[in-house]
């Protein structure tokens, strides 16, 4: 067996390592993206609590779903893209994490073997 696709459960991981030590382990796309999104949400919360002025707090407030939405699903009538861009402009760590996740999702969508 060359590869085993599993979720990120430590139990699955250790069972594969123990029973198929030569097999490559591939984590499923859903769980990888979920992990990234969870980390992004935690970072956003931490930045909100560290915000030193009301402007940063107001811009970060309500951005959770904007960060997690696919960009093509952002609503123009609610200025969601504009609000997301403003939050990313003011928060370099948040922008870095956001764009890394977007790149990861894009690369996975290419389905390059």
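The values are calculated or read from the model by the stated rules, or taken from the named source; none is laboratory data. For clarity, every value in this text was computed on a predicted model and none was experimentally measured. Every residue, glycine as well, gets a Cβ built from its backbone with ideal geometry; the counts of neighbours run over all protein chains shown.
State yes or no: is residue 92 under 17 Å from the mean Cα position of the chain (by Cα), at pLDDT 85 or above and loosely packed, with under 11 Cβ neighbours inside 10 Å? When the stated conditions are applied, residue 92 passes them.
All conditions but one from (1) within 20 Å of residue 104 (Cβ to Cβ); (2) surrounded by 14 or more Cβ atoms within 10 Å (Cβ to Cβ); (3) in contact with a helix residue (DSSP H, G or I) (Cβ under 8 Å, 6 or more places away or on another chain) apply to residue 71; the one that does not is (2). Restricting attention to the range 48-66, does a residue exist that is at pLDDT 85 or above and assigned to a helix (DSSP H, G or I)? Yes, that holds for at least one residue. Would you confirm, using the coordinates I've provided, whether residue 77 is part of a helix (DSSP H, G or I), over 20 Å from the mean Cα position of the chain (by Cα) and either free of Cβ contacts under 8 Å to residues at least 40 places away in the same chain or loosely packed, with under 15 Cβ neighbours inside 10 Å (or both)? Taking the combined requirement at face value, the residue satisfies it. Of these, 26, 16, which one is in contact with a strand residue (DSSP E or B) (Cβ under 9 Å, 6 or more places away or on another chain), in contact (Cβ under 8 Å) with a residue 12 or more places away in the chain and assigned to a helix (DSSP H, G or I)? Result of the check over 26, 16: 16. Pairs please, first residue from the range 102-113 and on the phi < 0 side of the Ramachandran plot and at pLDDT 65 or above, second anywhere and loosely packed, with under 10 Cβ neighbours inside 10 Å and outside any helix (DSSP H, G or I), Cβ atoms under 9 Å, 6+ apart in sequence or on different chains. If the second residue must be loosely packed, with under 10 Cβ neighbours inside 10 Å and outside any helix (DSSP H, G or I), the pairs left are 105/70. Residues of the range 1-13 that are in a helix (DSSP H, G or I) and surrounded by 11 or more Cβ atoms within 10 Å (Cβ to Cβ): 12, 13. Going by the conditions given, is residue 87 in contact with a helix residue (DSSP H, G or I) (Cβ under 8 Å, 6 or more places away or on another chain) and either modelled with pLDDT of 85 or more or assigned to a strand (DSSP E or B) (or both)? Here the answer is yes, as residue 87 does meet what is asked.
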